[in-house]
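Report on the following structure.
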Amino acid sequence: MTTIQSAEPILSPEAAIAALSCEDNQIRYYAAWWLGKNQVQAGCGALCDALFDEKYKIPSGGYPLRRQAARALGQLKNPQAVTALVAALACDTDLRLREAAIAALAAIGDKQAVTPLLHLLQSSQEQPYEALIEALATLQVWSARHQIEPFLNHASERVQCAAARYMYLLTQEPQYIERIVKNLNHDNMYLRWAALFDLGAVGHQQAVQAILGAKVPNSLKLLNLKRILETVLNSDISQQEISQILFKAIDDLLIQL
C-alpha cells in the first residue's frame, strides 16, 4: 500500500487515496478534494469509507472530512456510491453533511435516492430544504408537488427560490420564474448568486437579459448563460434566435473577462 507523509504533496491518485488514511486531518481533507476535483473513480471506495470518519470532528459537532467526501462523490457521479450516501443521510448531528450528501445523490441521478429523500421531506425535523427540494427537482420527483408548494412561503428566500424552481420545471408557468428573476437584484449577494444558478439550472431562455443586468460577477453570468445555451442546443425545438442572443452575450462577456 502506498503511504504518504505529511510533507509529501499529493500528485497522483494513489497518493490521494493513501492520504485519506493518514493522521493529518488537513491532508485527508485535501485528499478528498483532490480525488473529486480530478474525478478519480478509483477513489470511490475510499471516499465512501470517509463518509463515516470519526477522527475529524469539530467542536460544533460537524465532520469536515465527511462533508468533503460527499462533495467529491458528487463530482465522481459514480452510482456505486449511492448506498453509502443514503446511509450518510442518517447523520442528524451535521446538517451540512446531509446537505452535501443530498447534492451528491442529485448529481449521480440514481432513482434509488428518491425514497430516502422523500422521507427527509416528510420528517418533522429541520432539513437542508434548499438542497433537498433542488434534488427532488433534478430527479424529477413530481409526486412531491403538494409537499413542496408550501415552501414557496418559507421564511428563507433561498428555499422559496428552490421551490419556485421545482414548480417551474413541473408546470412551466412563468409566475415561478418571475419569483426567481426578482432576486437577481436582491440586496443579499448570495441570494443573487443562488437565483442566477437557479435560472441556469432550469435553462430559462427569457431570463438572459435579466442575467446580463444582474449585479453578479461576469464569470458567474458566463457560466450560467452557457448552461442555458446547452439546454437550448439540446432542445428538439429550433431556437435559432435565442441561440444567437446567447452566443453574442457569451462572446461579449468573454471579451470583458
### Message
With P(r) over Cα pairs in 10 Å bins from 0, in percent as the read-out, I listed (1) 7, 26, 30, 25, 11, 1; (2) 7, 31, 37, 18, 4, 1, 0; (3) 7, 25, 25, 18, 14, 9, 2, 0; which label goes with the value calculated from this structure?
### Response
(1)
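Compute the orientation-averaged projected area for region 40-157 from the convex hull of its Cα atoms and round it to one decimal in nm².
Details: hull surface 29.4 nm².
It is 7.3 nm².
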### Query
About its Cα centre, how strong a charge dipole does region 116-243 have in debye, to the nearest 20, once Lys and Arg get +1 and Asp and Glu get -1 at the Cβ?
260 debye
### Message
How far apart, in nanometres, would the label points at SER156 and GLN175 be if each is projected 7 angstrom from Cα along the Cα-to-Cβ direction?
### Response
2.5 nm
### Query
What's the extension gain from ARG145 to THR93 if we count 0.36 nm per residue and subtract their Cα-Cα distance?
15.9 nm
#### Entry: 0 to 90° range, to nearest 10: angle between helix 64-76 axis and the chain longest Cα axis
60 degrees
### Summary
Taking a straight Cα-to-Cα line shorter than 26 Å from LYS37, and setting aside same-chain lysines fewer than 8 residues away, one finds LYS55, LYS57, LYS77, LYS111, LYS221, LYS226
## Note on the structure
The size of the Cβ-based charge dipole (Lys, Arg +1; Asp, Glu -1) of the chain about the Cα centre, to the nearest 20 debye, is 200 debye
### Task
Quick one: angle between helix 218-233 and the longest Cα principal axis of the chain, in degrees between 0 and 90, rounded to 10, please.
70 degrees
### Net +/- balance of residues flanking ARG66 in space, Cβ distance below 14 Å, scoring K and R +1, D and E -1
+1
#### Entry: region 1-118, dipole about Cα centre (Lys/Arg Cβ +1, Asp/Glu Cβ -1), debye to the nearest 20
340 debye
### Query
In nanometres, what is the gap between the two model label sites at LYS55 and LYS215, each 7 Å from Cα along Cα-to-Cβ?
4.6 nm
### Summary
Most packed first (mean Cβ within 10 Å per residue), the peptides 138-146, 200-208 order as 200-208, 138-146
### Message
Just to make sure I understand: if all protein chains stay in place, what is the order of SER60, SER243 by accessible area at 1.4 Å, largest first?
### Response
SER60, SER243
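The values are calculated or read from the model by the stated rules, or taken from the named source; none is laboratory data. Note that the coordinates shown come from a computational prediction; the quantities given were computed from them, not determined experimentally. Note that we place each Cβ from the backbone using ideal geometry, even for glycine, and neighbour counts take in every protein chain shown. SASA here: full protein model, heavy atoms, side chains in, ligands and nucleic acids out. Shrake-Rupley method; radii C 1.70, N 1.55, O 1.52, S 1.80 Å.
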